[in-house]
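Participant: Structure in structure tokens, see below.
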Amino acid sequence: MSRLNEENLRIARQILSRYPKKKSALIPLLHLSQEQNGMVTNEAMEHIAELVEVTPAEVLGTCSFYEMFKRHPVGEYQINICHGISCHLLGAEDVLEHAEKSLGVKEGEITQDGKFSFEGVECIAACTEAPCLQVNYRYVNRVSSDEFDQLVTDLKNGQNTQIPKHGTLAKTRQNIQSEKLAGPAEVESASPPVWLQRNKEDQ
Amino acid sequence: MSIPLITTSRWNIEDGHTLEGYLRTGGYQGLRRALEMTPAQVHEEVKKASLLGRGGAGFPAGIKWGFLPPDVWPRYLVVNGDESEPGTYKDRLLIERDPHQLIEGCVITCFALGLSQCFLYVRGEMAHGQERIASALNEAYEHGYVGRNILGTELSVDVVLHWGAGAYIVGEETALIESLEGNRGMPRLKPPYFPASIGLYGKPTIVNNVETLSNIPWIVEHGGDAFAKIGAEQSTGTRIFAVSGHVRNPGVFEVEFGTTTFRDLIMGDQYAGGIRDGNTIKAFIPGGASAPWFFEEHLDTPLEKTTVDNEGSMLGSGAVVVMDETTDIVKACHNVVRFFSRESCGKCTPCREGTNWLEKILDRILNGYGRPEDIDLLLDVCDNISPGISWPPKQTTICPLGPSAVSPIASALKRYRSEFDAYITSNTDTPVTVNGGPA
């Protein structure tokens, strides 16, 4: 079940068609599998290896380098509390401490109902909005202890519908109709693109 | 002096991110203008503009473009949207609020240099940014601004949205290429110094930052000379700075490049509005976590590349982080060093081992187990990563990440050594075991 399902396989083939070399699609496909399963499983990595034509070990090699790929379960809502320098200066450690108390778990653990996990993360590019956090990569700016608790309550009661379950990144995908596609620039093609040839440009 | 807003003009327009809003506010005029010119003419305008790269190194974009070897095809464009330098917050806003401007910049660049395909690498954590740019790309394809036969001409280029998965090091351009090839994001051995000669799939590749490319439509529409008239002689145009930390009004501001000073930016009412609570300034980081820190006496330094370089730091990625008198310098220093330690990719020994030990020694000092000799030990490890601890830093590593961890330590010790000493002398316990082994 953790191989890509039919719909995701269709999306995967579309993504693959955009790159001159298949392995370039590896990270996007890992995201796709994480979106489907909430994490990256061994079976998914084997499936992706087939699709991009490398060994499963190579897929694991890439996967294990990147922070966002979770090879173990996390909460339905993964809360990433920024502890970069700007957030540190404005109380990130207090937010982390509060999260631990409020959720009743330590960094990296999952609450008993499976809903929440949290960790301190490096700068997430919202420095003027410190201290900030992301829930499943959706921003919450200038967060106070009370706001943190309200956020958790809303997510628990299903009152916050903006945030998708862990794994889903962008809710909109790039979609290229085949007649509009210029097509990938094949690595073996040895001639300059047509608009340069016509202009007799040599640069 | 009043200056035109070049890159942030649509940030306050509610539908500025849609094709309709973009076209209504003069969008895709640069592309139309470019298509009336020859590719070489477009390149010439960018050279005239003296546009410095906005990613961190500040290398002139027009010159970087000129490094492409003749007659090697295909060539690629890779957009560096992996904004992760602590304190840096501008590319995400450019992506979210004006994605078409970036797309237009990409297409013009491909036209000018004969680049056959563009990969737009957006940081993985920026879900909303990816949505905005995906929508914008879908609209742009639909209406013929990207893809096959752009605006009915022979220009055919795809802009492919690619996204990362959480790794600071991927902002280094050769690591970005590795990541785009589906590998672990580790920087490549130099030379070649520029992917323009050997880059993606071993082919000539231009890697430009989001902000750099967002300037291109304006430059082509108004001309390189008009751009070069704004700002200082060698730091032309405008530049976006994010001011964060202990200021009254933290924010992201587009200012005239090279003439505005740090004092204007940090203290000016139209910008960050001064230090919070009437406090005094203790230190500030002028260009992202990698940059050596500045102090009060540097406030009148202009935001100009060469001047800041000569004063011993860098404008880097346009991230100004302000620390007031209440800041615990040792903790702040530890915070920045921890960042580099965690983000080291592990390829080069001095960085992998060195940053890790720097973090552990600082940890020990903060936890009350510091030894008097620890200060010298810190400096010794720094010297092993970056011999001489000078500026610009010497490297024993492939990329500048390792030496970046030296910056906060050298800065903090230079000015506030007494705070380190205070932690060490307040320590009354002698630890039984040696602290600092693997957790």
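The values are calculated or read from the model by the stated rules, or taken from the named source; none is laboratory data. Source: prediction; values computed, not measured. For neighbour counting, all protein chains shown are included, and Cβ atoms are generated from backbone atoms with ideal geometry for every residue, glycine included.
Participant: Inspect the range B:192-204 for any residue being more than 14 Å from chain A (Cβ to nearest Cβ), surrounded by 24 or more Cβ atoms within 10 Å (Cβ to Cβ) and small (G, A, S) and give the result as yes or no.
Facilitator: no
Participant: Another question about this same structure. With the checklist (1) within 11 Å of chain B (Cβ to nearest Cβ); (2) buried (at least 20 other Cβ atoms within 10 Å of the Cβ); (3) in contact with a Phe, Trp or Tyr (Cβ under 6 Å, 6 or more places away or on another chain) in hand, flag the one item A:A185 doesn't pass.
Facilitator: Here A:A185 meets the rest and fails (3).
Participant: I'm told B:S344 meets every condition in (1) among the hydroxyl-bearing types (S, T, Y); (2) out of contact with any helix residue (DSSP H, G or I) (no Cβ under 7 Å at 6 or more places or on another chain); (3) more than 11 Å from every other protein chain (Cβ to nearest Cβ) except one. Can you identify the failing condition by its number?
Facilitator: (2)
Participant: Working only within the range B:77-94, note down all residues that are out of contact with any Lys or Arg (no Cβ under 9 Å at 6 or more places or on another chain) and either facing chain A (nearest Cβ under 10 Å) or not in a helix (DSSP H, G or I) (or both).
Facilitator: Passing the criteria: B:L77, B:V78, B:V79, B:N80, B:E85, B:P86, B:G87, B:T88, B:Y89, B:L93.
Participant: Right, B:E45: in a helix (DSSP H, G or I), among the charged types (D, E, K, R) and closer than 14 Å to B:N215 by Cβ or not?
Facilitator: Answer is yes for this residue.
Participant: Among A:Q174, A:Q112, which is surrounded by fewer than 21 Cβ atoms within 10 Å (Cβ to Cβ) and without any contact (Cβ under 8 Å) to a residue 40 or more places away in the chain?
Facilitator: A:Q112
For every residue, the table says whether it meets (1) free of Cβ contacts under 8 Å to residues at least 12 places away in the same chain; (2) within 13 Å of B:T236 (Cα to Cα); (3) crowded, with 22+ Cβ neighbours inside 10 Å.
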position: B:T7; (1), (2), (3): no, no, yes
position: B:G21; (1), (2), (3): yes, no, no
position: B:L31; (1), (2), (3): no, no, yes
position: B:T38; (1), (2), (3): yes, no, no
position: B:R54; (1), (2), (3): no, yes, yes
position: B:G66; (1), (2), (3): no, no, no
position: B:W73; (1), (2), (3): no, no, no
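Participant: Can you tell me which residue among A:L29, A:L4 is within 16 Å of the chain's Cα centre (by Cα) and either crowded, with 17+ Cβ neighbours inside 10 Å or among the polar types (S, T, N, Q) (or both)?
Facilitator: A:L29
Participant: Given B:H128, B:H100, which one is more than 10 Å from chain A (Cβ to nearest Cβ) and touching a residue at least 12 places away in the same chain (Cβ under 8 Å)?
Facilitator: Matching residue, one of B:H128, B:H100: B:H100.
Participant: In the range B:151-165, is there at least one residue being at pLDDT below 95 and buried (at least 22 other Cβ atoms within 10 Å of the Cβ)?
Facilitator: Within the range B:151-165, one or more residues are at pLDDT below 95 and buried (at least 22 other Cβ atoms within 10 Å of the Cβ).
Participant: Confirm whether A:G104 is within 19 Å of A:G38 (Cα to Cα), away from chain B (no Cβ under 13 Å) and not basic (K, R). Steps first, please.
Facilitator: Details: within 19 Å of A:G38 (Cα to Cα): no; away from chain B (no Cβ under 13 Å): yes; not basic (K, R): yes.
For A:G104, the condition - within 19 Å of A:G38 (Cα to Cα), away from chain B (no Cβ under 13 Å) and not basic (K, R) - is not met.
Participant: Pick from B:A167, B:A112: which is at the interface with chain A (Cβ under 7 Å from one of its Cβ atoms), touching a helix residue (DSSP H, G or I) at 6+ places or on another chain (Cβ under 9 Å) and closer than 19 Å to B:P195 by Cβ?
Facilitator: On the way: B:A112 fails: at the interface with chain A (Cβ under 7 Å from one of its Cβ atoms).
Every option except B:A167 fails the conditions.
Participant: Is there a residue in the range A:72-94 that is under 18 Å from the mean Cα position of the chain (by Cα), within 9 Å of chain B (Cβ to nearest Cβ) and in contact (Cβ under 8 Å) with a residue 12 or more places away in the chain?
Facilitator: yes
Participant: Can I ask one more? Go through (1) part of a helix (DSSP H, G or I); (2) within 16 Å of the chain's Cα centre (by Cα); (3) within 12 Å of chain B (Cβ to nearest Cβ) for A:A49 and report which single condition fails.
Facilitator: A:A49 satisfies every listed condition except (2).
Participant: Answer yes or no: is there a residue in the range B:62-75 that is of a type outside the set (K, R), touching a Gly at 6+ places or on another chain (Cβ under 7 Å) and more than 7 Å from every other protein chain (Cβ to nearest Cβ).
Facilitator: no
Participant: Oh, and also: Taking B:G144, is it surrounded by fewer than 24 Cβ atoms within 10 Å (Cβ to Cβ) and touching a helix residue (DSSP H, G or I) at 6+ places or on another chain (Cβ under 8 Å)?
Facilitator: Values: surrounded by fewer than 24 Cβ atoms within 10 Å (Cβ to Cβ): yes; touching a helix residue (DSSP H, G or I) at 6+ places or on another chain (Cβ under 8 Å): yes.
So B:G144 fits the description; yes.
Participant: Could I ask something else about it? Would you confirm whether any residue within the range B:218-241 is crowded, with 23+ Cβ neighbours inside 10 Å and within 13 Å of chain A (Cβ to nearest Cβ)?
Facilitator: yes
Participant: Restricting attention to the range B:227-245, does a residue exist that is within 19 Å of B:V321 (Cβ to Cβ) and assigned to a loop (DSSP other than H, G, I, E, B)?
Facilitator: So far as the range B:227-245 goes, no, none of its residues is within 19 Å of B:V321 (Cβ to Cβ) and assigned to a loop (DSSP other than H, G, I, E, B).
Participant: Contact list please: Cβ distance under 7 Å, first residue in the range A:20-40 and touching a residue at least 40 places away in the same chain (Cβ under 8 Å), second residue in a helix (DSSP H, G or I), pairs at least six apart or on different chains.
Facilitator: Listed pairs, sorted by first residue: A:P20/B:Y201; A:K21/B:Y201; A:Q36/A:N8; A:N37/A:A44.
Participant: Right, A:P131: on the phi < 0 side of the Ramachandran plot, touching a strand residue (DSSP E or B) at 6+ places or on another chain (Cβ under 9 Å), more than 7 Å from chain B (Cβ to nearest Cβ) and surrounded by 14 or more Cβ atoms within 10 Å (Cβ to Cβ) or not?
Facilitator: Yes.
Participant: I would also like to ask the following. Looking at the range A:74-93, which of its residues are of a type in the set (V, I, T) and either crowded, with 24+ Cβ neighbours inside 10 Å or in contact with a helix residue (DSSP H, G or I) (Cβ under 7 Å, 6 or more places away or on another chain) (or both)? Break it down stepwise before answering.
Facilitator: So in the range A:74-93, the residues of a type in the set (V, I, T) come out as A:74, A:79, A:81, A:85.
Hits for the range A:74-93 are A:I79, A:I81, A:I85.
Participant: Could you tell me whether B:D300 is at pLDDT 95 or above, over 23 Å from B:P392 (Cα atoms) and either surrounded by fewer than 23 Cβ atoms within 10 Å (Cβ to Cβ) or under 22 Å from the mean Cα position of the chain (by Cα) (or both)?
Facilitator: no
Participant: Next question. Just a yes or no: is a residue in the range B:190-203 in a strand (DSSP E or B), under 21 Å from B:S116 (Cβ atoms) and hydroxyl-bearing (S, T, Y)?
Facilitator: No, the conditions are met nowhere in the range B:190-203.
Participant: Those residues that are hydrophobic (A, V, I, L, M, F, W, C) and more than 9 Å from every other protein chain (Cβ to nearest Cβ), I need them from the range B:318-335; list them, please.
Facilitator: B:V320, B:I329, B:V330, B:C333, listed by residue number.
Participant: Residue check, B:G182 against (1) of a type in the set (G, A, S); (2) farther than 17 Å from A:T62 by Cα; (3) within 7 Å of chain A (Cβ to nearest Cβ), all met but one. Which one?
Facilitator: Of everything listed in (1) of a type in the set (G, A, S); (2) farther than 17 Å from A:T62 by Cα; (3) within 7 Å of chain A (Cβ to nearest Cβ), B:G182 misses just condition (2).
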